[in-house]
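The values are calculated or read from the model by the stated rules, or taken from the named source; none is laboratory data. All values derive from a computational prediction rather than experimental measurement. No Cβ is skipped: glycine too gets one built from the backbone with ideal geometry, and neighbour counts run over all protein chains shown.
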Amino acid sequence: MPRELTREEKKSIRALVTKWCANYDRDYGCLPLECECYMLTKCWTGPMCRYFRDAMLPIDPALAVQLAQEGPVEELRICPLCGRAFLPKRRQLYCSPACQAEANRRRSRERMRNHRRKQGCKRYD
């Protein structure tokens, strides 16, 4: 069942089309159809331009997941470590336990680096 696109989804679609679409021209619109670009005026999920779906949607995986959802839009988050989109459980920050472990390792390394730097300054003062 199609649903209305959110403002952020429309903004993401517009950005993808104007920046990456090989068939789009600012002056003429959609070059193969010789009319205004269908994706720029799209208000509902459902049928999409085939070129947009196949060539440009993989550039933004979070948008692809959102457009595939049929019900109400759930908030997706982007993993700060790997950049993948995921549906968070409560206050989850990372997409997987592996990303969480890597982030903890990096934080510990930085904390120890700062600790050693502070101790080094005390010794030479």
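Residues are listed down the side, and each one gets a yes or a no for (1) at pLDDT 85 or above; (2) closer than 29 Å to Leu16 by Cβ:
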site	(1), (2)
Glu34	no, yes
Trp44	no, yes
Arg53	yes, yes
Glu70	no, yes
Ile78	yes, yes
Leu81	yes, yes
Leu87	no, yes
Cys95	yes, yes
Arg111	yes, no
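Could you say which residue among Arg53, Arg26, Arg7 is of a type outside the set (A, V, I, L, M), surrounded by 12 or more Cβ atoms within 10 Å (Cβ to Cβ) and free of Cβ contacts under 8 Å to residues at least 40 places away in the same chain?
Working: Arg26 fails: surrounded by 12 or more Cβ atoms within 10 Å (Cβ to Cβ); Arg7 fails: surrounded by 12 or more Cβ atoms within 10 Å (Cβ to Cβ).
One residue alone meets the criteria, Arg53.
Looking only at the stretch 85-100, which residues are surrounded by 11 or more Cβ atoms within 10 Å (Cβ to Cβ) and more than 25 Å from Arg14 (Cβ to Cβ)?
As a first pass, look at the stretch 85-100 and keep what is surrounded by 11 or more Cβ atoms within 10 Å (Cβ to Cβ): 85-88, 92-96, 98-100.
Pro88, Gln92, Leu93, Tyr94, Cys95, Ser96, Ala98, Cys99, Gln100, listed by residue number.
Yes or no, residue by residue, for (1) part of a helix (DSSP H, G or I); (2) closer than 17 Å to Gln69 by Cβ; (3) charged (D, E, K, R); (4) modelled with pLDDT of 85 or more:
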site: Ser12; (1), (2), (3), (4): yes, yes, no, yes
site: Ala15; (1), (2), (3), (4): yes, no, no, yes
site: Lys19; (1), (2), (3), (4): yes, no, yes, yes
site: Leu40; (1), (2), (3), (4): yes, no, no, yes
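Have a look at Cys37, Cys43 and point out the one that is surrounded by 16 or more Cβ atoms within 10 Å (Cβ to Cβ) and not hydroxyl-bearing (Ser, Thr, Tyr).
From the options Cys37, Cys43, the qualifying one is Cys37.
Does any residue of the stretch 67-84 turn out to be among the polar types (S, T, N, Q), farther than 18 Å from Lys11 by Cα and not in a strand (DSSP E or B)?
The initial filter retains those residues of the stretch 67-84 that are among the polar types (S, T, N, Q), namely 69.
From what's left, farther than 18 Å from Lys11 by Cα: none.
The answer is no, given that none of the residues of the stretch 67-84 is among the polar types (S, T, N, Q), farther than 18 Å from Lys11 by Cα and not in a strand (DSSP E or B).
Within the set of pairs 6+ apart or on separate chains, which have a first residue in the stretch 99-115 that is assigned to a helix (DSSP H, G or I), a second that is among the hydrophobic types (A, V, I, L, M, F, W, C) and at pLDDT below 95, and C-beta atoms under 7 Å apart?
Close Cβ pairs (under 7 Å, with a partner that is among the hydrophobic types (A, V, I, L, M, F, W, C) and at pLDDT below 95) amount to Cys99/Cys79; Cys99/Leu81; Cys99/Cys82; Glu102/Leu81; Ala103/Leu81.
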